[in-house]
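What follows is a single structure, and I will ask about it in a moment.
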Amino acid sequence: MNNQQDVRQKMAAMAMARSQLYELFALVFMAEPTGEFLRAIKEPRLSMALSELGINLGKEFQEKSDEELLEELAIEYTRLFLGPGQHISANESVFMETDGGGGGSLWGEKTVEVKRFIETTGLEYVSSYTGFPDHVSVELKFLGKLTGWEANQWEQNNTGDAQFGLSVEQKFIKEHLIKWVPKLCSEITSRANLPFYREMARITKDFIKFDYENISEYLSLE
């Protein structure tokens, strides 16, 4: 194996790992956890991977029954993101207008920008989707799809296309994610009662900053 092949394989593996993390974070903030999601999080391999990332969901997370956890997490998710009462807006347009509180406008300027950005890449929303394009889960899912596509290009030795994918990721993170998601995650961390949302918000914030800082290095590869 020559050096270029070695680099491409490493980049493919790295892109796939990044994709899996973005997809995981998207699921966390999309809705209250399902039983299937909870079982996946508790599965030893994923549980160990999260532990290696420094995520500590607490002893009770492993010991409580799924039924108890699902009820607690559903209540927490509703309190944090849906209300009633003061809650955190997880939509970029609203969050940027109100610094986390409610009262901003849905389908604002940022919503349109994100929708246009996603559609120019050729990705489409599933027909059943009725939410907003600038919801944090959609933006994270979009990065998951982009990095997954990038991984595929590295695997097929399409270095130019892979680097183009990286440049699109960098642009989207710079123009959108990095401007508001770290602040959103800090807000979640300060308001969450359960370790699950505190820890997931913390690692999402750290990962986005880490990924953004490292993409320039990835782009410098020949």
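The values are calculated or read from the model by the stated rules, or taken from the named source; none is laboratory data. None of these values were measured; they are calculated from a predicted model. Note that we place each Cβ from the backbone using ideal geometry, even for glycine, and neighbour counts take in every protein chain shown.
If you go through segment 174-193, how many residues are of a type outside the set (S, T, N, Q), out of contact with any Leu (no Cβ under 7 Å at 6 or more places or on another chain) and in contact (Cβ under 8 Å) with a residue 40 or more places away in the chain?
Residues in segment 174-193 being of a type outside the set (S, T, N, Q), out of contact with any Leu (no Cβ under 7 Å at 6 or more places or on another chain) and in contact (Cβ under 8 Å) with a residue 40 or more places away in the chain: 8 in total.
Tell me, which residue of segment 103-124 that is among the small types (Gly, Ala, Ser) and surrounded by 13 or more Cβ atoms within 10 Å (Cβ to Cβ) is modelled with the lowest pLDDT?
Gly104
Yes or no, residue by residue, for (1) under 15 Å from Leu24 (Cβ atoms); (2) buried (at least 21 other Cβ atoms within 10 Å of the Cβ):
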| residue | (1), (2) |
| --- | --- |
| His135 | no, yes |
| Leu140 | yes, yes |
| Leu143 | yes, yes |
| Trp154 | no, yes |
| Thr159 | no, no |
| Gly165 | no, yes |
| Glu175 | no, no |
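Pairs please, first residue from segment 61-73 and outside any helix (DSSP H, G or I), second anywhere and not polar (S, T, N, Q), Cβ atoms under 9 Å, 6+ apart in sequence or on different chains.
If the second residue must be not polar (S, T, N, Q), the pairs left are Lys64/Glu72.
I need the full set of residues from segment 41-60 which are over 17 Å from Glu199 (Cα atoms) and assigned to a helix (DSSP H, G or I), in order please.
Within segment 41-60, Pro44, Arg45 meet the criteria.
Output the residues belonging to segment 3-50 that are of a type in the set (Asp, Glu) and either more than 30 Å from Phe164 (Cα to Cα) or surrounded by 16 or more Cβ atoms within 10 Å (Cβ to Cβ) (or both).
Answer for segment 3-50, where residues must be of a type in the set (Asp, Glu) and either more than 30 Å from Phe164 (Cα to Cα) or surrounded by 16 or more Cβ atoms within 10 Å (Cβ to Cβ) (or both): Glu23, Glu32, Glu36, Glu43.
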